[in-house]
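Every read-out reported here was derived from the displayed coordinates using simple, explicitly stated rules and does not represent laboratory data. Because the structure is predicted, anything quoted here is derived from the model rather than measured. Please note: Cβ atoms are built from the backbone with ideal geometry, for glycine as well, and neighbour counts cover all protein chains shown.
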Amino acid sequence: MKYVKKVLGEDLRQYTMVVALAALIIIFNIASGGKMITSSNFQNLISGNAYVLVLALGMLMVIVIGQIDLSVGSVAGFASMVMAITARQFNLPWYIAILIALVIGMIAGAWQGFFLSRLGIPGFITTLGGMMIFRGGVIWISNSISVPVPSELKWFGAGYLPEWGPAFTGMNNSTLLLGIIAIAVYVTAQIKKFNHSGDVTGKKEEFWPYAVRIGIVSAVIGYATWLFGSGRVGTSFPIPGLILVILIILYYLITERTSFGRHVYAVGGNKAAAELSGVNVKRTYFLTMLNMSLLAAVAGILFVGRSTAAGPADGTSWEMDAIASVFIGGASVSGGVGTVIATMVGGLVMAVLNNGLMLMGVGADKTQVIKGFVLLAAVAFDVYNKKHRG
Amino acid sequence: MSDGYILQMKNITKTFPGVKALSDVTLEVSEASIHAICGENGAGKSTLMKVLSGVYPYGSYDGEIIFQGKKMTFKNIKDSERAGIVIIHQELTMIPELSITENIFMGNEIVEKGLINWEKERKKTRELLEEVGLHLDPDAIIKNLGVGQQQLVEIAKALSKNVRVLILDEPTSSLNESDSENLLRLMLGLKKQGITCIMISHKLNEIAAVSDYVTVIRDGKTVDGYAVEAGRVDENKIIRAMVGREIENRYPEHTPKIGEVILEVSDWSVEDAKVPGKMLCKNSAFYVRAGEIVGFAGLMGAGRTELMRSLFGKNMGIFRGGKMKIEGREVRINSVREAIKNKIAYVPEDRKGLGLNLLDTIRKTVVSANLDVIKTKGLLDFDKERAASEKYRDSLKIKCRDVGVGVNTLSGGNQQKVVLSKWMFTEPDILILDEPTRGIDVGAKYEIYKLIHELADQGKAIILVSSELPELLGMADRIYTIFEGRITGEISAKEADQEILMKKMTITA
Amino acid sequence: MMKAKKVLSLLMTAVLAAGVLTGCGGGRGTEDAAQTADTPEAAEETAEAGSAEDAEPEEAAEEASAGGGIVGVALPWLGTQNWAEAEVMFKEQLEAAGYEAIIQAADQKVPQQQQQIESMIENGAQVIVVGPVDGSQLGSVLEKAKDAGVYVIGYDRLLENTTGVDGVVQFGSVKTGELQAQALLQGLEELKGEAPYNIELFGGGPADPNAPNFFTGAMSVLQPLIDDGTLVVVSGQTDFTQCATVDWDNSKAQSRMDAILSGNYSDIEIDGVLSPNDGIARAIITSCENAGQPIPVVSGLDAENESVEWVWSGRQYSTVAKPTNALVAETVSIIDSLLSGNGMPATDVTADNGVIDVPVYELPPVVVTKDNAKEVFADDPDRMALLTD
């Protein structure tokens, strides 16, 4: 046990969900006769759920500041519908279309942020209003009819990295390159960390835990690279997945390594104390809500890219999936607690459940029931753990 | 009844995983007495009371509880309350939006034919309020009462349950002097009616004033116990027993090195944001010099905290004029951020409510008011963060396993040190300390006093707000008194004594 | 105890690692033959020719003879009788024909359906029958199916905005609308005396490509009569967008009818209502009854059990039967043709889905009124049982 702790860190509980996720993948793989762990299924899993995970990134921050955003699905639908309609009407190129969607997302976010931060109306109510306003807006402007989006957008929602270079690798070389870069970045970071390990405490750590960590992570990344890269020719790690990964890195940095991120946790943990530490609480509220709706627009773009059309019902109940991901990832309902990585794991647990049950041919009705139980079980486990700490 | 004791707790041992919280503790309480329990924070006083009131059910501890001659096996608080043992917690547990009557009868409603008989409840409430010396409308809403009044309502509630033993956990910690006196008088009154009080307290003067017997607990063991002669208690003896070492002086020796005026405030006025027209500060004027510790004395509600928070970036009330000069130049500070930039720091009185994010770790808390300093290329640098927190852990002797642990795992004294670290890390010139030693045990207090002296010696201007007059007299170089939002006096600490201060704190000059 | 748990969790991690190392999945190189038709031109060719002989037949035939083949059926939901029936009938008929059937319903959610179709591809389906939630939002998923060499057949609704569709089986939707309107007129003449008649119009869910077609078909019959004053739409709402019922939601239709009645019919009687399906028809009738109106002549569609009873008892004037049985049978016969290597059967009708012309296999629907109910359902023992006196 002591050795395991050296490798993984003191708090092993944070790996509970990772283990659960791995167990689910393995169980489903066995139950479905090996259909779970295949290149194409993992590609589907990522491109089919990227939009929910993107929403969960924003929702995490909203929940950490102690609020909730019920409008994300409607905002996603609205932003992508406005994009689809204007692009079609004025024959706009795809990049202008995307810009329009993002701007709409930001305006929607500023709207919600204004009511929350300036007028002090609770986020639940502000965004309940937003949910109705933007959902109504989608149906209104679309006349309830789906509108095709510029075909280039399909690349964002369902595209793959290019094929190039030698064929002997047996993989998509773009994916291979990404995998190699990921491993290289991790290895350098670990070695750098090891070299600095004695700087503060004065006591150099042992190297072997670093080596084990490097070994494990490299193996996982390597395997994932092979899995995603060795699918049918023309497929690779999906573009929406790549966008998601970039956003995960970005939001990891924002939440962990910037003042704004610290302020988000401070406001959620103790608003009054944050205020007395020089945190601009109103600004933090405002930016968090703005960011959420911006990400909702990104999610909308990814989704309509995959669907090739914006529909009037797009985004319905997405907020619930995003919220569930955040809570399965261990965030606290009262705010202040939650991390980007855990949220992504939480989202993947939901996604794998969905996917695995579908592969097994379980109906949508029962899938819903099972997801509900998993949400309760995950949160109950978390609460139990916190109660029995130490 | 065995030997005149109403309550005996014999050889109580309570273990938590890995920790022996109580070991072989014995407590014997005479009928109709006031029994004080002293001990440092974490000594096991609260655990003992939780065992007594059934929060830790029978079976989860060893030893026995004999109450009125019978062995008790409480499974929960309801059981102990039914037997006549009621605990009043440090944090009040009433529902702020409901009336006094509703709170007193919460869970115990007088029900007739399935409906609540409000008339009877009100009548009974009025009687109970009389008994505790409150002249209030039974329909008054709790949140509109002062803290002292709420405390008394809690006691009235306990009386409604036919209490035999009343446990008060730090009953005066959030009360001002007059409310405290009131409460102590009430305890004496209850004693006359035959009700036994167990009082957990740090305040030795209060113990001396009312209690009949003192039990001192240290490290989960009873270490001392003796009867108190009326109104006289050997404070040093108790302190010695509590901390297990001699504290020859409760306030460290210090020779001030006073320099130029750093902060000068004139004509400062603040209006209450909630009650229009009510002034929290009226034309306040004062100054603080480098290396000087300036005390602010005032009763609760006098406007001390309001003045300080208003200075700290207009954080409280509505600013109604006034000038602030720092090192001679006039500054206008409109947010906490600007205040921090102008090298002002404010350590709030309510540590858990305002000073800390209890979800954070020590290292995150220490740097939280000055994040820009630990950035490398625009991103927070965890190495710098760790280095900063380790530095304060060493210099302030913060007791913790690692700076990565949550601040919620620390004792009150260590938490306060973390808060101080956080503000020292902003490298302030002006440090406002609002009740810096509240709820902290004697040993930790001493360390904090030494720290304050060190900071003063570094040339910082220090404002010390405190409700404890001995603390002000022992620590400050100069003291201002405040009454109803007005500065009513300025006096050198050498010339002051408690009587002089109290006079200025209760009447306008 | 705690320790045991930790050990267990570590063991599980180890198992995963083992799974990782032994390697599962990864199909590069094994299926190369299947992904030739990748360019739009090739796709169009395939679609127009009505078959995909170039790459598939051998493989498909081989698997068909081995185990009958796997067929995926993606339905939008099971909330109405015709879809619930479709689920049962597909299962029976596909299994009877020796195929393995994967049937899933998407609870009216587009992302759900996208993922279900993907999982069918994963499960090795050779043909996927899609009753879409929204016919235009499955583009990239269906193209993925096409790339994987899977045939896609639209069921009951057109699949728009994608090249990944090989054909659509449906009842003529414009024709259906015409029949509904004719039944309405017939009922008005029969029951409501002399013209003019006060009527109202209802459309189906706008996301369903059939809905506007029903409405267009119906209006081609009704519009001339509205113009000459025989029919009066009292509310004045005659555009499809005004009349549409989002998601085919009965309760929305009922609210709209309530509003129309209270706003326009306080002193006049309503004679007839064009309803796009049975659920909405019943909602309309209920609304009229609640408002104290005499029951108007109301059309319908789907011949749901309850509406068959209502038609029989005279509460609802007519419905249109689109025998699910026939539609499923037609679909299965196409599947037979595909999996035996004969490609898509020939058809004259095509529909423009926005990208390509899709071959359409249309079946004629049948109007049901009280007079002909017993003839129409002669072969349907379930519904015959409802027609008791």
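Some points to look at:
- Chain A - percent relative contact order, Cα under 8 Å, separation 6 or more: 34
- If the convex hull is drawn through the Cα atoms of region B:124-276, its volume per residue in Å³: 200
- Proximal lysines to C:K374, defined as alpha-carbon separation beneath 27 angstrom and excluding residues fewer than eight positions away on the same chain: C:K175, C:K192, C:K322
- Excluding same-chain neighbours fewer than eight residues apart, the lysines reachable from B:K343 by a Cα-Cα span under 19 Å are B:K314, B:K323, B:K325, B:K422, B:K460.
- Volume per residue for region B:2-243 equals 133 cubic angstrom (convex hull of Cα atoms).
- Separation in nanometres of the label points that stand 7 Å from Cα toward Cβ, at B:E119 and B:K278: 3.6
- Taken over the Cα atoms of region C:133-222, the convex hull encloses 86 Å³ per residue.
- Across chain B, Cα pairs under 8 Å and at least six residues apart give a relative contact order of 14 percent.
- Note on region A:161-237: Cα Rg divided by 2.2 N^0.38 Å, N the number of residues, gives 1.43.
- Area projected by the alpha carbon convex hull of region B:351-427, averaged over all directions, nm²: 4.7
- For region C:69-152, the spread of Cα coordinates along the three principal axes comes to 30, 28, 15 Å, biggest extent given first.
- Theoretical ellipticity at 222 nm over the protein assembly as shown - DSSP helices of four or more residues, -39500 (n - 2.57) apiece, nearest 500: -15000 deg cm²/dmol
- Computed over region C:209-281, the ratio Rg/Rh where both radii use C-alpha atoms and Rh is Kirkwood: 0.95
- Under 16 Å of direct C-alpha separation, and excluding same-chain neighbours fewer than eight residues apart, B:K417 reaches these lysines: B:K352, B:K364, B:K391, B:K397, B:K399, B:K445, B:K450.
- Each principal axis of region A:2-150 carries a Cα extent, and these read 60, 41, 26 Å when sorted largest first.
- The Rg/Rh ratio for the protein assembly as shown, using Cα coordinates for both the radius of gyration and the Kirkwood hydrodynamic radius, is 1.06.
- With bins 10 Å wide beginning at 0, the percent of Cα pairs of chain B falling in each bin runs 4, 17, 26, 26, 18, 8, 2, 0.
- Counting Cβ atoms of other protein chains within 10 Å of each residue's Cβ and taking the mean over peptide A:254-264 gives 3.
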